[in-house]
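Quick note: the coordinates plus some simple rules give every number you see, no bench work behind them. Being a predicted model, the structure only gives us computed values, none of them experimental. Counting neighbours? That spans all protein chains shown, and the Cβs are built from the backbone with ideal geometry, glycine included.
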Amino acid sequence: MLRLVYLAYEIYNFIFRPVLFGVRVLLVKDDQVLLVRHTYKKGWHLPGGGLKRGETVEEAARREAREETGAELRSIRLVGIFSDLEDGFNGHNILFASNDFEIVGPHDHEIAEARFFPLDTLPDDLPPGQRRRVEEYKAVTQQPACGKW
């Protein structure tokens, strides 16, 4: 059922091209990144999702991390804002990072699996934009504050 809802969402976005804002969170501990696999789309992803009305971007990042991984974030930092304009998409991802968190509960029903991956052994089906952000983090370079997702 969730796959059908997600497909309808993608069709709506293709037709109407709304401007979308979402958050993603790089959760890294012991040189491993926490990724999620959704029940409704393929591949591994950084935890994240859309903002709710009246919610700040930091609140959204903390909520999405808790919902998708069961993680309670203590310190969190803004990494940057990245645009995803491929394939007619009009999305903007606000990326946060935290290495100060604790897994305190289960993930929600839309997540099939949450798993830590070594920074040197990322899964093949991690989307390119998310892979770029993890690679930048791993390289310990100054990450760009904005750019292409």
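DSSP beta bridges confined to the chain are antiparallel in about 70 percent of cases.
When peptides 95-105, 60-70, 19-29, 120-130 are ranked by their average number of other Cβ atoms within 10 Å per residue, the highest-first order is 60-70, 19-29, 95-105, 120-130. Find which of Pro18, Leu122, Tyr6 sits farthest along the positive direction of the dipole of the chain, computed with +1 on the beta-carbon of Lys and Arg, -1 on that of Asp and Glu, about the Cα centre. The listed residue farthest towards the positive side: Pro18. Note on Lys52: lysines with a C-alpha under 23 Å away, same-chain residues under 8 apart excluded, are Lys41. Here the chain is assigned +1 on the Cβ of each Lys and Arg and -1 on the Cβ of each Asp and Glu. Its dipole about the Cα centre then comes out at about 280 debye. By the Stokes-Einstein formula, at 1.567 mPa s and 4 °C, segment 2-148 with its Kirkwood radius over alpha-carbon pairs has D equal to 83 µm²/s.
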